[in-house]
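What follows is a short report on a single structure.
All of the numbers you see were taken from the coordinates with simple rules; none came from a lab. In this text, all values refer to a predicted model and were calculated from it rather than measured experimentally.
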């Protein structure tokens, strides 16, 4: 789960051979850990979540969902979905996570939390370059 800029907000770990849709409810449970949230939250999901069960789950939690439809071309529907895919690519850049042979879930969670912390700090630094400027800021490093 990421925000609109691709900053990781939470994850639920499962094996690579598991379908994502049963993990939606535990992933959305992570929203409670974030504190007060904006009133209007939109959950962008890919075509794997295109089912009545998913829509019922989102409605029960008071969330609005934009779910890609099965059988339609993805680039038109994936306008906001690329933030999540980019974050997954950043996580895969940590090769320890891409090929994880750990048996203990706490160790795997610790590695993901460390990677998400690094991704968050890098993203905030990158955004601050354009949002926090002052008049006499040097244009390059000395």
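When only alpha carbons are used to place a centre, the range 1-79 and the range 92-132 end up 20 Å from one another.
Mean-square fluctuations from a GNM of the chain, with a 10 angstrom spring cutoff on Cα atoms, peak among 62, 15, 48 at 15.
Of 66, 122, 99, the residue with the greatest mean-square motion in the GNM of the chain, using alpha carbon springs below 10 Å, is 99. Taking Cα atoms only, the orientation of helix 82-92 departs from the longest principal axis of the chain by about 70 degrees. Taking every alpha-carbon pair under 8 Å whose residues sit at least 6 apart, the chain reaches a relative contact order of 24 percent. Highest GNM mean-square fluctuation among 90, 129, 82, for the chain modelled with Cα contacts below 10 Å: 129. Mean residue ellipticity at 222 nm, helices only, the chain: -12500 deg cm²/dmol; runs of at least 4 DSSP H residues each add -39,500 (n - 2.57), and the sum is divided by the number of residues.
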